[in-house]
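First comes the structure, then the notes that go with it.
The values are calculated or read from the model by the stated rules, or taken from the named source; none is laboratory data. Everything quoted here is computed from the prediction, not taken from an experiment. Cβ coordinates were reconstructed from backbone atoms using ideal geometry, including for glycine residues, and neighbour counts include every protein chain displayed. These accessible areas exclude ligands, DNA and RNA; they are computed on the full protein's heavy atoms, side chains included. Shrake-Rupley method; radii C 1.70, N 1.55, O 1.52, S 1.80 Å.
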Number of protein chains: 2
Amino acid sequence: MHNLRLILEYDGTDFQGWQQQPDQRTVQGEFQKRLERLYGTPLRVIASGRTDAGVHALGQVVNFTAPHTMPLDRLHQALNGMLPPDIAVGFIDEVAPEFHARFNARRRFYQYHISYQKHPIGRQYAWYMRRQLDMNTLQQAAKYLIGCKDFTSFCVAAYEKENRICEIFSCQWETKQHGLVFHIEGNRFLRAMVRSIVGTMVEMARGVRPATDMPRILEVQNRQAAGESAPPHGLFLEKVIYDEGLPGG
Amino acid sequence: MHNLRLILEYDGTDFQGWQQQPDQRTVQGEFQKRLERLYGTPLRVIASGRTDAGVHALGQVVNFTAPHTMPLDRLHQALNGMLPPDIAVGFIDEVAPEFHARFNARRRFYQYHISYQKHPIGRQYAWYMRRQLDMNTLQQAAKYLIGCKDFTSFCVAAYEKENRICEIFSCQWETKQHGLVFHIEGNRFLRAMVRSIVGTMVEMARGVRPATDMPRILEVQNRQAAGESAPPHGLFLEKVIYDEGLPGG
């Protein structure tokens, strides 16, 4: 029995998110199916977190218990050969038996991409909007999110009933050629949280509401107080950090 | 009557190439349909050249005769709003009545992208191969293509029966992170020519045949002498240059 950890990259476009569901194409479903074929036995893969339908991952971290030994480079090649073109394994290592990709994750990093130009090439990976956003408003709104806060207002209703407190270590907007990237780093994220944060900040930057609304939105703990969710195709799970750092260095 | 010139970007993935065909989704078909709706009259769009099914364009140049006046920025916005997400207009100007996007094009630039890593994000835009290619062989093979040559051996049979002489001004391979890009600049290109050139060079770099075969392949003027065509999704029409330079500077 070996506890193996893997970094996965996937294009979320054609997936109904991470979590396995009957009759749906999901990343977990497609990945487990290949692993089970390879090992000839049912297996269960644990991810650092579930990504929603349409959300991409550059560095999702997962683990599973391998029933028998296989050289890691052979496993790596075999999996990439078997997996569909929209999922790839970037790295594999063997970890302590108690390692758990979700429970042991310390910091999760997300990116959200916005494009101001209509670019057919790569349109699957950014939210296109014609009018430019006010950068000062965006940065101001982002600052209110840092620290330990209750994110109920940015959480899909009826989900995660218990603890909705997340610690945001850092978040900022970066100017890119013809667009923007929002970077956010936290200990955990609730369902659709980054997308509803981005959607709310975009409304502020468009002047629909002031950036100074942010503390009040957090305080009322009500999803109705926040703005609409940004579309999933601009969002990337960038990387996940554990006690000992980033898997693979 | 105004002769308008436009630069188009498109993602070739879901098109059966540039040229309009009944019951097929083509770039020309989708583009003309929008223009005709906008002007309320049948129109014909001329491109610098036809791109094959699956081939992308960053800077395809087209022209058409507009039956009535419309401010160019309004036309630009209207078209981008009407066009599907996989076609965009990047630039428009009015040109002399005799300008013809194909006949007046002086230099056409293509890029071919190869990736050595399985990357789900952006996999639509590069040919993925696991084993690295010998760069010296690739560069050596490319050098034989420069100058005025008959490219019958790199042309789809039964197509373009007449003049198959093209002048290649420059071509070279560039090393990129986790892959390569082939750049080629010529006065004209035959159908599937860049893809069969790339496919043949890849066979050489894999040791299937020596790079020194290139002069003989050109000389025999027979498609059977060359290698298989590289897949279309790695190929981009980058830009087209006219007597007065690149449209839009």
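Here is how the numbers come out for the structure above:
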item	result
Isotropically averaged projected area of chain A, using the convex hull of Cα atoms (one quarter of hull area), nm²	14.0 nm²
Global form of the range B:31-85, assessed from the alpha-carbon gyration tensor, a/c cut-off 1.5	prolate
Histogram of C-alpha separations across the range B:114-216, 5 Å bin width, %	2, 12, 22, 23, 19, 13, 7, 2, 0
Pairwise Cα inverse-distance average, inverted: Kirkwood Rh of the range A:179-230 (Å)	11.7 Å
Of A:K118/B:K118; B:K176/B:K239; A:K176/B:K176; A:K33/B:K118; A:K118/B:K33, those spanning more than 24 Å from alpha-carbon to alpha-carbon	A:K118/B:K118
Ellipsoid equivalent to the range A:79-141 - semi-axes via the Cα gyration tensor, in Å	35, 22, 6
The protein assembly as shown - mean residue ellipticity at 222 nm from DSSP helices (-39,500 (n - 2.57) per run, n ≥ 4, rounded to 500)	-6500 deg cm²/dmol
Per-residue SASA entry for A:R206, accessible area with 1.4 Å probe, Å² rounded to 10	140 Å²
Of every Cα-Cα pair in the range B:42-132, the percent that sits beyond 14 Å	75 percent
Ascending list, in nanometres, of distances separating the B:H183 label from those of the other copies (7 Å, Cα toward Cβ)	2.9
Euclidean distance of C-alpha centroids, the range A:65-141 and the range B:65-107, integer Å	38 Å
Calculated FRET value between B:L72 and A:N163, using beta carbons and R₀ = 60 Å, to 0.05	0.60
Debye log10 I(q)/I(0) for the protein assembly as shown, one point scatterer per Cα, at q = 0.09, 0.11 Å⁻¹	-0.77, -1.06
Largest-first ordering by accessible area, 1.4 Å probe, given options A:I217, B:I241	B:I241, A:I217
Fluctuation leader among A:N104, A:N187, A:N163 - chain A, Gaussian network, Cα springs under 10 angstrom	A:N163
Rel. contact order, % - alpha carbon contacts under 8 angstrom, at least six apart, the range A:54-213	23 percent
Surface accessible to a 1.4 Å probe, A:R123 within the full protein complex, Å²	60 Å²
Net charge dipole size for the range B:50-158 [Lys, Arg +1 and Asp, Glu -1 on Cβ; Debye, nearest 20]	540 debye
Accessible surface of B:I121 - all protein chains present, 1.4 Å probe, nearest 10 Å²	40 Å²
DSSP beta bridges in the range A:94-237 [antiparallel fraction, %, rounded to 5]	90 percent
Share of alpha-carbon pairs per 10 Å distance bin for the range B:100-174, given as whole %	14, 34, 34, 17, 1
Calculated label separations, A:K33, copies of the chain, 7 Å along the beta-carbon direction, nm	3.2
Square roots of 5 times each gyration tensor eigenvalue, C-alpha, the range A:1-57, largest first, Å	20, 13, 9
